[in-house]
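K.L.:
My questions all concern the structure below.
The values are calculated or read from the model by the stated rules, or taken from the named source; none is laboratory data. Every value quoted in this text rests on a predicted model; they were computed, and no experiment measured them. As a convention, Cβ positions derive from the backbone with ideal geometry for all residues, glycine included, and neighbour counts pool all protein chains shown. To get the accessible areas, we keep the full protein, side chains included, count just its heavy atoms, and leave off ligands, DNA and RNA. Shrake-Rupley method; radii C 1.70, N 1.55, O 1.52, S 1.80 Å.
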Amino acid sequence: AAKGAGRNRFSYFTPALQVAALNRMRLTNDLRGAVKGNQLRVYFQPIVHLRTGRIHKAEALVRWQHPQRGLVSPLEFIPLAESSGLIVEIGEWVFKEAARWVRQWRSQHHPDFQVSVNQSPLEFQRDGQGYEHWFAHLQELGLKGSAILVEITEGLLLDAGSGVTDKLLQLRDHGIQVALDDFGTGYSSLSYLKKFDIDYLKIDRSFTRNLAPQSSDMALSEAIIVMAHKLGLKVVAEGVETAEQRALLLRAGCDYGQGYLFAPPLPAAEFDAMLKAQLAIADGARR
Ligand code: C2E
Ligand code: MG
Ligand code: MG
Ligand code: MG
(Lines give C-alpha, C1' and ligand atoms only; values in the text may rest on other atoms or scores of the structure.)
(Ligands and ions follow the chains in the order given, each with its own letter.)
Protein backbone atom coordinates (compact mmCIF):
# COMPACT_ATOMS: atom_id res chain seq x y z
CA ALA A 1 0.00 0.00 0.00
CA ALA A 2 2.92 2.31 0.71
CA LYS A 3 4.37 1.64 -2.72
CA GLY A 4 3.33 4.67 -4.74
CA ALA A 5 3.31 7.03 -1.81
CA GLY A 6 6.91 8.05 -1.90
CA ARG A 7 9.66 7.26 0.55
CA ASN A 8 8.69 7.52 4.19
CA ARG A 9 5.61 9.52 3.38
CA PHE A 10 2.89 6.98 3.81
CA SER A 11 4.47 4.00 5.41
CA TYR A 12 2.36 2.25 8.07
CA PHE A 13 5.25 0.16 9.25
CA THR A 14 7.71 2.35 11.01
CA PRO A 15 10.52 0.26 12.51
CA ALA A 16 9.08 0.49 16.03
CA LEU A 17 5.69 -0.74 14.88
CA GLN A 18 7.34 -3.49 12.90
CA VAL A 19 9.22 -4.68 15.95
CA ALA A 20 6.04 -4.64 18.05
CA ALA A 21 4.10 -6.58 15.40
CA LEU A 22 6.89 -9.13 15.08
CA ASN A 23 7.05 -9.47 18.81
CA ARG A 24 3.32 -10.16 18.97
CA MET A 25 3.61 -12.76 16.22
CA ARG A 26 6.43 -14.56 17.99
CA LEU A 27 4.64 -14.46 21.31
CA THR A 28 1.44 -15.81 19.74
CA ASN A 29 3.44 -18.66 18.20
CA ASP A 30 5.03 -19.46 21.54
CA LEU A 31 1.62 -19.36 23.20
CA ARG A 32 0.46 -22.18 20.93
CA GLY A 33 2.91 -24.48 22.64
CA ALA A 34 2.40 -23.11 26.13
CA VAL A 35 -0.62 -25.17 27.17
CA LYS A 36 0.82 -28.50 26.06
CA GLY A 37 4.30 -27.48 27.08
CA ASN A 38 3.17 -27.10 30.68
CA GLN A 39 4.12 -23.40 30.82
CA LEU A 40 0.84 -22.05 32.17
CA ARG A 41 0.14 -21.63 35.87
CA VAL A 42 -2.97 -20.69 37.74
CA TYR A 43 -2.56 -18.28 40.64
CA PHE A 44 -5.26 -17.66 43.22
CA GLN A 45 -6.10 -14.38 44.89
CA PRO A 46 -8.30 -14.33 48.00
CA ILE A 47 -11.65 -12.55 47.93
CA VAL A 48 -12.13 -11.48 51.52
CA HIS A 49 -15.41 -11.03 53.37
CA LEU A 50 -14.81 -7.51 54.67
CA ARG A 51 -16.77 -7.71 57.91
CA THR A 52 -15.33 -11.00 59.16
CA GLY A 53 -12.05 -11.15 57.27
CA ARG A 54 -12.88 -14.69 56.16
CA ILE A 55 -11.72 -16.16 52.87
CA HIS A 56 -14.28 -18.42 51.24
CA LYS A 57 -13.59 -17.33 47.69
CA ALA A 58 -10.66 -16.84 45.35
CA GLU A 59 -10.15 -15.65 41.80
CA ALA A 60 -8.17 -17.88 39.46
CA LEU A 61 -5.70 -15.82 37.39
CA VAL A 62 -3.60 -17.39 34.67
CA ARG A 63 0.16 -16.87 34.42
CA TRP A 64 2.57 -17.79 31.65
CA GLN A 65 6.03 -18.96 32.54
CA HIS A 66 7.80 -18.38 29.24
CA PRO A 67 10.97 -20.50 28.86
CA GLN A 68 13.06 -17.51 27.75
CA ARG A 69 11.12 -14.43 28.78
CA GLY A 70 10.12 -15.48 32.26
CA LEU A 71 6.71 -14.57 33.64
CA VAL A 72 4.56 -12.88 30.96
CA SER A 73 1.65 -10.77 32.22
CA PRO A 74 -1.89 -11.76 31.22
CA LEU A 75 -2.37 -8.13 30.21
CA GLU A 76 0.10 -8.91 27.45
CA PHE A 77 -0.86 -12.43 26.40
CA ILE A 78 -4.63 -12.61 26.99
CA PRO A 79 -5.27 -10.20 24.08
CA LEU A 80 -3.08 -12.41 21.87
CA ALA A 81 -4.90 -15.50 23.11
CA GLU A 82 -8.18 -13.81 22.23
CA SER A 83 -7.21 -12.70 18.74
CA SER A 84 -5.72 -16.11 17.91
CA GLY A 85 -8.58 -18.12 19.41
CA LEU A 86 -6.16 -19.87 21.82
CA ILE A 87 -8.12 -18.38 24.70
CA VAL A 88 -10.62 -21.23 24.43
CA GLU A 89 -8.01 -23.91 25.08
CA ILE A 90 -6.40 -21.81 27.81
CA GLY A 91 -9.74 -21.15 29.49
CA GLU A 92 -10.58 -24.84 29.54
CA TRP A 93 -7.31 -25.58 31.23
CA VAL A 94 -7.79 -22.79 33.80
CA PHE A 95 -11.29 -24.07 34.56
CA LYS A 96 -10.01 -27.60 35.21
CA GLU A 97 -7.26 -26.35 37.50
CA ALA A 98 -9.79 -24.18 39.35
CA ALA A 99 -12.11 -27.17 39.76
CA ARG A 100 -9.31 -29.40 41.03
CA TRP A 101 -8.31 -26.90 43.69
CA VAL A 102 -11.78 -25.83 44.77
CA ARG A 103 -12.53 -29.48 45.46
CA GLN A 104 -9.61 -29.63 47.84
CA TRP A 105 -10.55 -26.35 49.53
CA ARG A 106 -14.18 -27.40 49.90
CA SER A 107 -13.16 -30.58 51.65
CA GLN A 108 -10.35 -29.10 53.74
CA HIS A 109 -11.36 -25.53 54.53
CA HIS A 110 -14.94 -24.58 53.88
CA PRO A 111 -17.81 -26.54 52.28
CA ASP A 112 -18.97 -23.43 50.41
CA PHE A 113 -15.58 -22.43 49.02
CA GLN A 114 -15.91 -20.87 45.59
CA VAL A 115 -13.36 -20.14 42.86
CA SER A 116 -14.07 -17.59 40.15
CA VAL A 117 -12.76 -17.90 36.60
CA ASN A 118 -12.64 -15.18 33.96
CA GLN A 119 -14.39 -15.77 30.67
CA SER A 120 -13.59 -13.61 27.64
CA PRO A 121 -16.51 -12.83 25.32
CA LEU A 122 -15.02 -15.25 22.81
CA GLU A 123 -15.09 -18.09 25.32
CA PHE A 124 -18.55 -17.27 26.52
CA GLN A 125 -20.04 -16.97 23.07
CA ARG A 126 -18.40 -20.03 21.59
CA ASP A 127 -20.58 -21.10 18.70
CA GLY A 128 -22.67 -24.18 19.04
CA GLN A 129 -21.33 -25.01 22.44
CA GLY A 130 -22.63 -24.31 25.88
CA TYR A 131 -21.15 -25.18 29.24
CA GLU A 132 -22.34 -28.82 29.28
CA HIS A 133 -18.80 -30.13 29.40
CA TRP A 134 -18.15 -28.01 32.49
CA PHE A 135 -21.19 -29.44 34.24
CA ALA A 136 -20.06 -32.96 33.35
CA HIS A 137 -16.57 -32.26 34.65
CA LEU A 138 -17.87 -30.86 37.93
CA GLN A 139 -20.11 -33.86 38.36
CA GLU A 140 -17.17 -36.20 37.80
CA LEU A 141 -15.34 -34.43 40.60
CA GLY A 142 -18.41 -34.60 42.82
CA LEU A 143 -18.71 -30.80 42.86
CA LYS A 144 -21.81 -28.66 42.80
CA GLY A 145 -22.06 -25.78 40.34
CA SER A 146 -21.86 -23.37 43.25
CA ALA A 147 -18.14 -24.20 43.50
CA ILE A 148 -17.56 -22.03 40.43
CA LEU A 149 -18.25 -18.37 39.76
CA VAL A 150 -17.90 -17.01 36.23
CA GLU A 151 -16.57 -13.47 35.71
CA ILE A 152 -17.76 -11.72 32.57
CA THR A 153 -17.48 -8.10 31.43
CA GLU A 154 -20.08 -5.54 30.50
CA GLY A 155 -19.11 -5.54 26.83
CA LEU A 156 -20.55 -9.01 26.53
CA LEU A 157 -23.96 -7.84 27.74
CA LEU A 158 -23.94 -4.69 25.65
CA ASP A 159 -24.58 -6.47 22.37
CA ALA A 160 -25.98 -9.57 23.94
CA GLY A 161 -27.92 -11.77 21.56
CA SER A 162 -30.21 -14.48 22.82
CA GLY A 163 -27.21 -16.82 22.93
CA VAL A 164 -25.78 -14.88 25.84
CA THR A 165 -29.07 -14.88 27.73
CA ASP A 166 -29.42 -18.62 27.17
CA LYS A 167 -25.94 -19.33 28.48
CA LEU A 168 -26.49 -17.21 31.57
CA LEU A 169 -29.69 -19.14 32.24
CA GLN A 170 -27.91 -22.43 31.63
CA LEU A 171 -25.23 -21.52 34.18
CA ARG A 172 -27.86 -20.45 36.69
CA ASP A 173 -29.77 -23.71 36.22
CA HIS A 174 -26.62 -25.57 37.21
CA GLY A 175 -25.90 -23.40 40.23
CA ILE A 176 -22.94 -21.54 38.73
CA GLN A 177 -22.99 -17.90 39.78
CA VAL A 178 -22.00 -14.93 37.64
CA ALA A 179 -20.03 -11.80 38.45
CA LEU A 180 -19.81 -8.65 36.37
CA ASP A 181 -16.09 -7.82 36.30
CA ASP A 182 -14.42 -4.38 36.09
CA PHE A 183 -17.71 -2.61 36.74
CA GLY A 184 -17.50 1.10 36.08
CA THR A 185 -14.97 0.98 33.25
CA GLY A 186 -17.38 0.35 30.40
CA TYR A 187 -20.86 1.61 29.78
CA SER A 188 -22.05 0.58 33.21
CA SER A 189 -25.64 0.64 32.24
CA LEU A 190 -27.41 -0.38 35.38
CA SER A 191 -30.24 -1.84 33.38
CA TYR A 192 -28.02 -4.90 32.72
CA LEU A 193 -28.05 -5.71 36.38
CA LYS A 194 -31.77 -6.14 36.37
CA LYS A 195 -32.07 -7.71 32.96
CA PHE A 196 -29.43 -10.42 33.33
CA ASP A 197 -29.68 -11.83 36.83
CA ILE A 198 -26.08 -11.27 37.85
CA ASP A 199 -25.01 -12.38 41.35
CA TYR A 200 -21.90 -10.26 42.03
CA LEU A 201 -20.67 -6.92 40.91
CA LYS A 202 -16.94 -6.26 40.97
CA ILE A 203 -16.19 -2.55 41.30
CA ASP A 204 -13.18 -1.75 39.18
CA ARG A 205 -9.85 -0.96 40.73
CA SER A 206 -9.89 2.55 39.23
CA PHE A 207 -12.61 3.49 41.74
CA THR A 208 -10.96 1.86 44.72
CA ARG A 209 -7.70 3.63 43.97
CA ASN A 210 -9.15 7.10 44.53
CA LEU A 211 -11.34 6.35 47.50
CA ALA A 212 -11.22 9.11 50.09
CA PRO A 213 -13.89 10.58 52.34
CA GLN A 214 -15.99 13.11 50.39
CA SER A 215 -14.40 12.18 47.05
CA SER A 216 -16.51 11.71 43.95
CA ASP A 217 -15.27 8.12 43.62
CA MET A 218 -16.48 7.53 47.18
CA ALA A 219 -19.92 8.88 46.28
CA LEU A 220 -20.04 6.76 43.14
CA SER A 221 -18.94 3.63 44.96
CA GLU A 222 -21.54 4.18 47.68
CA ALA A 223 -24.27 4.67 45.09
CA ILE A 224 -23.22 1.55 43.19
CA ILE A 225 -23.21 -0.51 46.39
CA VAL A 226 -26.65 0.70 47.53
CA MET A 227 -28.13 0.05 44.11
CA ALA A 228 -26.51 -3.35 43.75
CA HIS A 229 -27.90 -4.39 47.14
CA LYS A 230 -31.37 -3.20 46.22
CA LEU A 231 -31.18 -5.43 43.16
CA GLY A 232 -30.01 -8.36 45.27
CA LEU A 233 -26.37 -8.40 44.16
CA LYS A 234 -23.32 -8.72 46.35
CA VAL A 235 -20.41 -6.35 45.78
CA VAL A 236 -16.68 -7.07 45.54
CA ALA A 237 -14.21 -4.16 45.46
CA GLU A 238 -11.12 -4.82 43.33
CA GLY A 239 -7.65 -3.47 44.03
CA VAL A 240 -7.92 -2.87 47.78
CA GLU A 241 -4.39 -1.84 48.73
CA THR A 242 -4.72 0.15 51.96
CA ALA A 243 -6.41 -0.23 55.34
CA GLU A 244 -8.15 3.10 54.73
CA GLN A 245 -9.72 1.84 51.52
CA ARG A 246 -10.92 -1.26 53.35
CA ALA A 247 -12.43 0.86 56.13
CA LEU A 248 -14.21 3.17 53.69
CA LEU A 249 -15.57 0.24 51.70
CA LEU A 250 -16.75 -1.49 54.84
CA ARG A 251 -18.52 1.67 55.95
CA ALA A 252 -20.13 1.96 52.51
CA GLY A 253 -21.54 -1.55 52.98
CA CYS A 254 -19.31 -3.32 50.47
CA ASP A 255 -19.44 -7.09 51.00
CA TYR A 256 -16.05 -8.33 49.77
CA GLY A 257 -12.61 -6.95 48.98
CA GLN A 258 -9.80 -8.24 46.81
CA GLY A 259 -6.35 -6.71 46.58
CA TYR A 260 -2.74 -6.52 47.69
CA LEU A 261 -3.77 -5.42 51.21
CA PHE A 262 -4.94 -9.00 51.76
CA ALA A 263 -2.70 -10.89 49.34
CA PRO A 264 -1.49 -10.79 45.74
CA PRO A 265 -2.41 -13.66 43.42
CA LEU A 266 -0.49 -16.66 44.80
CA PRO A 267 0.63 -20.02 43.42
CA ALA A 268 -1.91 -22.66 44.47
CA ALA A 269 0.36 -24.25 47.04
CA GLU A 270 1.02 -20.89 48.70
CA PHE A 271 -2.65 -20.00 48.66
CA ASP A 272 -3.36 -23.36 50.25
CA ALA A 273 -0.79 -22.66 52.98
CA MET A 274 -2.41 -19.28 53.64
CA LEU A 275 -5.81 -20.91 54.09
CA LYS A 276 -4.32 -23.42 56.51
CA ALA A 277 -2.73 -20.61 58.52
CA GLN A 278 -6.05 -18.75 58.64
CA LEU A 279 -7.79 -21.88 59.88
CA ALA A 280 -5.17 -22.34 62.59
CA ILE A 281 -5.67 -18.76 63.80
CA ALA A 282 -9.45 -19.22 63.86
CA ASP A 283 -9.02 -22.46 65.86
CA GLY A 284 -6.71 -20.71 68.28
CA ALA A 285 -9.22 -17.91 68.82
CA ARG A 286 -11.97 -20.42 69.57
CA ARG A 287 -10.00 -22.11 72.32
P1 C2E B 1 -9.24 -9.02 36.29
O2 C2E B 1 -10.12 -10.20 36.06
O3 C2E B 1 -9.91 -7.74 36.56
O4 C2E B 1 -8.30 -9.46 37.49
C5 C2E B 1 -7.85 -8.59 38.50
C6 C2E B 1 -6.45 -8.08 38.19
O7 C2E B 1 -6.08 -7.11 39.18
C8 C2E B 1 -5.37 -9.15 38.24
O9 C2E B 1 -4.40 -8.83 37.24
C10 C2E B 1 -4.78 -8.96 39.64
O11 C2E B 1 -3.46 -9.45 39.77
C12 C2E B 1 -4.83 -7.47 39.75
N13 C2E B 1 -4.86 -7.01 41.15
C14 C2E B 1 -5.41 -7.63 42.22
N15 C2E B 1 -5.30 -6.90 43.33
C16 C2E B 1 -4.64 -5.77 42.98
C17 C2E B 1 -4.23 -4.60 43.72
O18 C2E B 1 -4.45 -4.45 44.93
N19 C2E B 1 -3.58 -3.62 43.02
C20 C2E B 1 -3.33 -3.74 41.67
N21 C2E B 1 -2.69 -2.75 41.06
N22 C2E B 1 -3.72 -4.84 40.96
C23 C2E B 1 -4.37 -5.84 41.60
P24 C2E B 1 -3.75 -9.93 36.32
O25 C2E B 1 -3.61 -11.22 37.08
O26 C2E B 1 -2.54 -9.34 35.71
O27 C2E B 1 -4.85 -10.18 35.21
C28 C2E B 1 -5.20 -9.16 34.32
C29 C2E B 1 -6.45 -9.50 33.56
O30 C2E B 1 -6.23 -10.60 32.67
C31 C2E B 1 -7.62 -9.95 34.44
O32 C2E B 1 -8.24 -8.82 35.03
C33 C2E B 1 -8.47 -10.67 33.43
O34 C2E B 1 -9.24 -9.75 32.69
C35 C2E B 1 -7.43 -11.30 32.52
N36 C2E B 1 -7.25 -12.71 32.89
C37 C2E B 1 -6.45 -13.24 33.85
N38 C2E B 1 -6.59 -14.60 33.89
C39 C2E B 1 -7.51 -14.92 32.93
C40 C2E B 1 -8.07 -16.17 32.47
O41 C2E B 1 -7.79 -17.29 32.96
N42 C2E B 1 -8.97 -16.08 31.43
C43 C2E B 1 -9.33 -14.89 30.86
N44 C2E B 1 -10.21 -14.90 29.86
N45 C2E B 1 -8.82 -13.71 31.28
C46 C2E B 1 -7.92 -13.72 32.30
MG1 MG C 1 -11.70 -11.00 36.98
MG1 MG D 1 -11.59 -7.34 37.43
MG1 MG E 1 -9.58 -6.00 35.21
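K.L.:
Keeping the other protein chains in place, figure out the carbon and sulfur percent of the accessible area of the chain, with a 1.4 Å probe.
P.N.:
Here it works out to 53 percent.
K.L.:
While we're on this one: Would you mind checking which residues have amide H under 5 Å from residue 114's amide H? H placed 1.01 Å from N; only 5 or more apart, or other chain.
P.N.:
The answer is 57, 58.
K.L.:
Multiplying the sequence separation of residue 243 and residue 194 by 0.36 nm and subtracting their Cα-Cα distance, what value in nm do you get?
P.N.:
Contour length minus the Cα-Cα distance gives 14.4 nm.
K.L.:
Through the Karplus equation 6.51 cos²θ - 1.76 cosθ + 1.60, θ set to phi - 60°, convert the phi angles of the range 131-142 into ³J(HN,Hα) values in whole Hz; use x for Gly and Pro.
P.N.:
Karplus-based 3J(HN,Hα) across the range 131-142 equals 9, 4, 5, 5, 4, 5, 5, 4, 4, 4, 7, x Hz.
K.L.:
Sticking with this one: Please find the FRET efficiency linking residue 215 to residue 75, where r is the Cβ-Cβ separation and R0 is fixed at 22 Å, and quote it to the nearest 0.05.
P.N.:
For R0 = 22 Å, the calculated efficiency reads 0.25.
K.L.:
Residue 276: which lysines have alpha carbons under 25 Å from its alpha carbon, excluding same-chain residues fewer than 8 sequence positions away?
P.N.:
The qualifying lysines are 57, 96, 144.
K.L.:
How many angstrom lie between the C-alpha centres of the range 219-256 and the range 14-91?
P.N.:
For the range 219-256 versus the range 14-91, the Cα centre distance is 28 Å.
K.L.:
Now a separate question. Working out 0.36 nm times the residue gap between residue 129 and residue 93, then minus their Cα-Cα distance, what length gain in nm do you get to one decimal?
P.N.:
Additional length available on full extension: 11.3 nm.
K.L.:
Next question. With r as the distance between the Cβ atoms of residue 22 and residue 146 and R0 = 35 Å, compute the FRET efficiency 1/(1 + (r/R0)^6) and round to 0.05.
P.N.:
After rounding, the FRET efficiency stands at 0.15.
K.L.:
Any idea how far apart residue 104 and residue 278 come out in nm if each label point goes 7 Å out from Cα toward Cβ?
P.N.:
1.6 nm
K.L.:
Name the lysines eligible as straight-distance cross-link partners of residue 194: C-alpha to C-alpha under 23 Å, and not fewer than 8 places from it in the same chain.
P.N.:
In chain and number order, the partners are 167, 202, 230, 234.
K.L.:
Still on this structure, please answer the following. Along its three principal axes, how long is the chain when you only count alpha carbons? Whole Å, largest extent first please.
P.N.:
79, 48, 39
K.L.:
Considering only protein heavy atoms, what per residue accessible area in square angstrom results for the range 95-202 with a 1.4 angstrom probe?
P.N.:
Value returned for the range 95-202: 45 Å² of accessible area per residue.
K.L.:
How much accessible area does residue 165 have with a 1.4 Å probe, in Å² rounded to the nearest 10?
P.N.:
It works out to around 60 Å².
K.L.:
Which FRET efficiency value, to the nearest 0.05, do you get for residue 230 and residue 260 by plugging their Cβ-Cβ distance into 1/(1 + (r/R0)^6) with R0 = 45 Å?
P.N.:
Result of the calculation: an efficiency of 0.90.
K.L.:
Binning at 5 angstrom from zero up to the longest distance, how are the C-alpha pair distances of the range 135-197 distributed in percent?
P.N.:
Calculated P(r), rounded to whole percents: 4, 16, 27, 22, 15, 9, 5, 2.
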